[in-house]
Structures are given as C-alpha cells and as structure tokens.
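Have a look at the structure below before the remarks.
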Amino acid sequence: MTDIFDKTPSKPSKEPGMIVFTICSRNFMGYAQALWESLKQHNPDVIFHVGLCDEVGDFDVLTHPFEIIQISELGISRWEEMVGRYDITELNTSLKPFLFLLLFSRYPGQPIFYIDPDILAFAPFREISNLLDDGANCVLTPHVNGPSEYAEMNDQQFLRYGVYNLGFCLLRATPEVRRVVSWWARRLETQCVVDLEHGLFVDQKWADLFPAYIDKTAILRHPGYNVAYWNLAQRLVGQDNNGDWTVNNEKLRFFHFSGNKIENENEFSRHTQIFTIDTIGDVKDILAIYRLAVERNGHAYYRGIPYAFNWGHEGRKNVHTPASMQADRQLNASHIPHLPLEFIADDAADNAREPLPAWAAQRRAVDQNIRKKAISGIEIEGFCAICNEARHFSDPGLLEHPQPSVWSQNFICNTCQTPSHTRAVAKLLAQTNAAPSARRIMTDHPALLTCNWLALKAEVIPFQEKATSIDVAVICDSLDEQDLAIKFTQAFTAIAAGGHILVSYPMPLDTQLKDTLRRLLKTVGFSEVRMAFYWSEKLCHFGDPQIILIGHKPAQTDKFLSPAVLHVPIDKYSDK
C-alpha cells in the first residue's frame, strides 16, 4: 500500500487536456481531492473545478489547488425554493446543468466532463478522446452493457433509476447542447427528486432523453468505465502481467465507489446485499487504494464540517444518503485542518501548476490584507501544526521593516515560535502514511525534535553526520547554500534505500534557486525529485510560491560520493 511519498508524480503527457468538474458539499472535499489527484496523475493538464453545494462560511476555499465554484456564481433564480425543497442528494445533483452552463460560457465549443466525487481514475480516458475526435457532442455510460434479468440490479431497476449513470457525463459546449442543458436546468429547479412512482430519480432519469435530444450522442460501452456495484455481475476485475487493473481484459479507466462508507473497512456499498467485502474479489484491493486516497486527502477533517442545508427533507426519507452517516462522521472527525498540496514532477514545467487568474488574484488579495494586519501589529488567527491547536501568528520582521522585499514565509506561531515553512513540513508528515510507519526521522529543526505528536509516531533525532537507517530526513533550518550542500550529502548517506528527503526553504524559491536545489539533490544521488506547493489561510501559510522539495533515495545505487562534493559551491551545480 503506497503513501504520498511513493505515488507517481504528475508529468507532462501527450493526452489531451480535460476540463472537469465535480459537485460536493464541504464534508466531501476529501473525496473531491482524491478524484482530482487521480485525474491529474493520468492527465497532468486537467483543469479541475468543484461546484460547492454548501455555504462557504469560514471554509478555506483558496487553499485547494483547483477552483471552487460557489452557488452565487451560478445565477440560479429559484435557489431559495430549491434549498427548501431538496435533501442533500437532490440539491447536489440539481446543480449539474447550471455548472455545465457556467463552464460552457468559459470554454466555448470545448468538451466538459462531469465526474462524481466518489470516483477514482486508474488510467487515461483514451476511448473518450477517440469519441471526441469523431465529433461526439455527448458521451454517456450505461449502467450495464447487456440484459441483467437475474442480477440483483436487474433490467427493471434501470428502467426506474435510469439507463445511464450520471456519475459521469460529457457534454460539448455547442449551441445545440446548451439549449438542451438549459431545458435540463429548468426541469431540475423543481423536479430533481427521488420519486420513482412518477418516473423521476434526481437528475439522472432526464438523461435517458439525451440521445434523442442531442445529435452525435455516443454511448460508451467499454467495460472499464464507470465500474460499480450495479454492473459487477457483468464485469470481471483483475490485474494484468504489468500490474495494471483490467475489466473483462480491458483497461480499467475509472471505478465508481457509490454507496461506500469510507470509515468502514468491511463495507463495500450500502446499496447492495450481494456484493460485499467478502465477495468482490480483487475489487477489495481497489477499495483499499481508494480508502487510502480519500483519507490522505483530509477526510478525517472534512467529514466533520456540518452541511448548511437540509440533509433530509421533512416528510420524506433520504434513502440515498442517511443522515445518520453525517452524525457519526461529525462525532469522530478531527479538528485539525487539512493542508492540500499539489505535487509537480521534476521534469514538469513550473507553469504547469499556475492557478487560474481569478484564483491567483483572490489569494493575493488575502495576502495583502494579512500583510496590512501584520504591519499594524495585529495577531493573525490560525492553526499550528506543531502545537496541534488554534494559535495566534505574527511576522516580527514586518514590525521592524514594514516594507520588506520578502515577508510571505516568515509568519511564526506565537506559542511555539515555529516558522511557516517548518510547520508546513510537519503537516506534510502528519498527512502521509509514511509518518506512522517511519521508524526514524532526522531533522535539523528543534521544533520537530520536541513535537509531541511526531514523537508518538516515530523516533526523531537531530541531524547528524553518522546517522544510519533513516526513513525521512527533514531539512528546514538552513539559509546558507553551502550548508545545504553538506546536509544533502549527509542525508543521502544516512537515509535507508527507498527513504526520502524533505527540503523546506525559509525564503521564497525563485526559479533559479529551485533549479539549483533540485540539481544538487540529483547530483548527490536523490531521484524522482518533485515539488509540493501549498497555501492556506487556516494554517497561516501565505504567499506564492511556497514549496517543499521531496527527493527519493533509490533502492539500489552505485553512485560514489566524493568528499569533495561537500566543498563545492552550490552555484557549480547551476546551469551556465
């Protein structure tokens, strides 16, 4: 089972870019981030959006490495009526056509993907690319590809719930499609309900009409798309000789974990009695991958955020998403905010992670406001990853020099005195599955040596030249470039094969310095060097870019390190 250090980083791809959106409430953001992470792994050029079906409140919307679209941006004239009418399932699904219309206006003529947040991608969507090349304006996936009269989910069920599963839907932004989606949006203002007696099942039943209404609608029957409990009777999941996941000997493209309760390791889906954790075969391993991804992306924190609207509905039972699930999740949730990180491979261009202009502008506006407060001596409220408690933060440098050229990474916790870049490394360790299993962590920062929660997870020792069998080396207390060169070499010697080094620089990294540090790490012997970008108002990480460099020590290496490397100026490693 892999963790965040071991997963394959995103690299430039020849696959075409994708414009994707999902819809969720705040409590489901861990799922949305896991979906984005899986899509980006197989298509690094993905443009990802989350439609937030919730109140924003104090939710840290700008911390995420993708755009969060708020309800106020959708222009829904009957929104208050919909809030009073719908439960959480109905309200979330009712937003789908409105988000399509918004993105149609942003990306005229382009294909727009909708994908449910409880989905994980396992390979590029090549078959869809081929359909788009052939001119498809709409792509749908049927629940099943053949008669299922004897299955738990039989033919009659699909006549009630819909022929096509709307956990996935692709629509191209053409005038014809826009007219149909506008019609769909009008229907969902009042008729996005679970009312099987009258032929309605939220947004999904309406899609049965799409092939009749949209020219060039493609029905994607490839077994590797939208695999879920409703079609497992017809789809055999396994692995090929290369370790790739397959379905009926075709590539698995994405799996839909509908009805899964992530907290319960023994439950596959609450919507089926036939397919259980004991009867799903190799799907059990896929489920483990999914659970790990959602948990790694902050589910322990997000699950505790209350939903702002009607979970159920007076007089009607929410059969799809029981309210008891959220009550249990809130009871057992963590109070520690999550820090979303965006990982970029060493050979990816830095502009591959440039945020959308509006998103970048909003972050800069927050940065400027925080800077003004700090200059005025106002303490900033936030959460400290070292103290594991809400704390106050300040930037002493701003008080002494109100107009510094560098300020964004100097916010310290007023209790433990730990600076931003060190708190970020601590948060990364807390969020990875490597931290609990790592036997030894070596660090050059005293705050990590005395961090109580870290000491419970691993043996933490000070940076020392003769250390051995280190799992993770953390360097975040060095400004001198020559000192970094020495520590990189010491770390490579101390780290066990397969271990990692984390480097968090106490000042912003410009392109030249990033390149220098990356090349030095590789010269010493580290491979798969990547960057983790972060920003968070709740955790008091301001300014862009803020970066953690991550290097991997190969399992086998024949590199001989001369002691002379310790005395070569760092600029010798830069390109001239």
**OP:** Only one of these is more than 18 Å from Ile214 (Cβ to Cβ) and either at pLDDT 95 or above or outside any helix (DSSP H, G or I) (or both): Leu99, Leu120. Name it.
**Re:** Leu120
Original post:
Can you name the residue in the stretch 364-386 that is of a type in the set (Gly, Ala, Ser) and assigned to a helix (DSSP H, G or I) and, of all such residues, is surrounded by the fewest Cβ atoms within 10 Å (Cβ to Cβ)?
Top reply: Ala365
Subject >> Boolean, Phe48 is without any contact (Cβ under 8 Å) to a residue 40 or more places away in the chain and of a type in the set (Phe, Trp, Tyr) >> reply: yes
**OP:** Inspect all residues belonging to the stretch 72-79 and state whether any of them is at negative phi, part of a helix (DSSP H, G or I), among the charged types (D, E, K, R) and modelled with pLDDT under 95.
**Re:** no
Original post:
Is there a residue being among the basic types (Lys, Arg) and surrounded by fewer than 18 Cβ atoms within 10 Å (Cβ to Cβ) anywhere in the stretch 126-149?
Top reply: yes
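What about Asp118, is it among the charged types (D, E, K, R), touching a strand residue (DSSP E or B) at 6+ places or on another chain (Cβ under 9 Å) and over 18 Å from His49 (Cα atoms)?
No, not satisfied.
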Original post:
Is it fair to say Ser527 is over 29 Å from the mean Cα position of the chain (by Cα) and free of Cβ contacts under 8 Å to residues at least 40 places away in the same chain?
Top reply: no
**OP:** Could you list all residues from the stretch 165-215 that are of a type in the set (D, E, K, R), buried (at least 16 other Cβ atoms within 10 Å of the Cβ) and assigned to a loop (DSSP other than H, G, I, E, B)?
**Re:** Glu189, Asp203
Original post:
When you look at Asp45, is it over 18 Å from Glu295 (Cα atoms), modelled with pLDDT of 95 or more and part of a loop (DSSP other than H, G, I, E, B), yes or no?
Top reply: no
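The values are calculated or read from the model by the stated rules, or taken from the named source; none is laboratory data. Computed from a prediction, not measured in an experiment: that's the story for all the values here. Counting neighbours? That spans all protein chains shown, and the Cβs are built from the backbone with ideal geometry, glycine included.
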